[in-house]
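Taking it in order: structure first as structure tokens, then the write-up.
The values are calculated or read from the model by the stated rules, or taken from the named source; none is laboratory data. Computed from a predicted structure; not experimentally measured. Here the Cβ is made from the backbone with ideal geometry for all residues, glycine too, and neighbour counts use every protein chain on show. Surface accessibility is based on the protein's heavy atoms, side chains included, excluding ligands, DNA and RNA. Shrake-Rupley method; radii C 1.70, N 1.55, O 1.52, S 1.80 Å.
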Amino acid sequence: MSTSPERATIVVSLPDAAKIAWWIDQLAPLLPGWTLRPADDPGDPEAVRYAVVWRPADGTFKPFPHLKAIVSLGAGIDHVLADRELPPGVPIIRTVGADLTQRMREYVALHVLRHHRQMPLIAANQRQQRWAQQVVPPATRRRVGVMGLGNLGASAAATLVGLGFETLGWARTPRPLEGVEVHAGPAGLASFLARCEILVCLLPLTPATENILDAALFARLPRGASLINAGRGPHLVEEDLLAALASGQLRHATLDVFRQEPLPQAHPFWHHPDITVTPHVASLIDPESGSRIVAANIQHFETHGEVADLADAARGY
Ligand code: NDP
Ligand code: OXD
């Protein structure tokens, strides 16, 4: 027997308990008729229909036999798929939208321009009171490559085109993208990398992309290239990055995502002169619009049994 919406529950799970309460407070008025509870205090587990999660612990979904969908509080679904006890076949809804895309465009523009205009070097010179002028080429003679041309990568690439950069992109499948030289698949990777003076990673984390930012990849970039990783920490082989910076193969890296978050206090990235660390803020979901998107997606899924932002779990993104 199915539970009526009046009796049905949506559970929320995040690593930070204060944020669970916050999301419940935001979502409750937008989802009248639903009971919202923390996933570790769900009431009747049989009544749970949706789970709204960020980095759920292993086994979070197992107690809920009538779960209709899992809502990822973000664009990536790797944190959901990482659950070794994930019930098979439950749809996963991503939380995406104009705000998320806009924020990522800003982050990519900020850091690409920073590398392009050699700001890390200029800032280091200032600390030593050194007046050293650098002539850099205009953006039209700077090649920037974006790995991943999905919601975020395609719009970041469009922003770079708008700034005048010679823009390249790499995805799993080929597609036309105005102003962007698109390369695709494993066969297209080497020709793409050979032309990227600044490389931006906006890939999802899947078995095919884990450890992709490694020594072999860095060796294919022009010498002195810069890296921006706003995808996921496990894309990067950390010791290979340190070696590439030490050898000069890479000039600088901006990293927003890490294998362990928060980045441990003793981690060498914190004090490395050629690494900029940002604390997974490239595109943080917006509290207000985020809850509106989550609520609208749940209501749409409840009515129609589908929604535009469904991920493909078999594909991994
Ligand atoms: P999408 O699912 O919309 O796009 C993913 C893109 O990656 C697609 O273009 C896809 O190719 C490409 N891709 C996937 N696998 C491969 C592969 N093996 N080889 C080449 N290309 C591949 O994702 P989003 O743009 O919404 O998000 C991307 C990632 O950004 C998220 O998964 C998340 O990890 C990260 N993210 C980080 C944030 C931050 O604040 N740092 C915020 C939000 C997201 P194709 O189009 O051919 O399928
Ligand atoms: C996301 C993220 O996946 O914030 O949305 O990393």
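How do the strands (runs of 3 or more DSSP E) wholly within region 215-317 filter down when requiring 1 or more residues that are open to solvent by 10 Å² or more (accessible area, probe 1.4 Å): which remain?
Here the list reads 250-255, 275-277.
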Number of the condition not met by residue 80 [criteria: (1) within 12 Å of ligand 2 (Cβ to nearest atom); (2) β-branched (Val, Ile, Thr); (3) in contact with a helix residue (DSSP H, G or I) (Cβ under 9 Å, 6 or more places away or on another chain); (4) outside any loop (DSSP other than H, G, I, E, B)]: (3)
Extreme residue, surrounded by the fewest Cβ atoms within 10 Å (Cβ to Cβ), among residues of region 4-57 that are under 26 Å from the mean Cα position of the chain (by Cα) and among the basic types (Lys, Arg): 19
Meets criteria (at pLDDT below 95, among the β-branched types (Val, Ile, Thr) and either open to solvent by 70 Å² or more (accessible area, probe 1.4 Å) or more than 22 Å from residue 152 (Cβ to Cβ) (or both)) for residue 60: no
Selection status of residue 70, of a type in the set (Val, Ile, Thr) and more than 30 Å from residue 27 (Cβ to Cβ): no
Residues being among the acidic types (Asp, Glu) and either buried (at least 19 other Cβ atoms within 10 Å of the Cβ) or within 12 Å of ligand 1 (Cβ to nearest atom) (or both) - total across region 175-214: 2
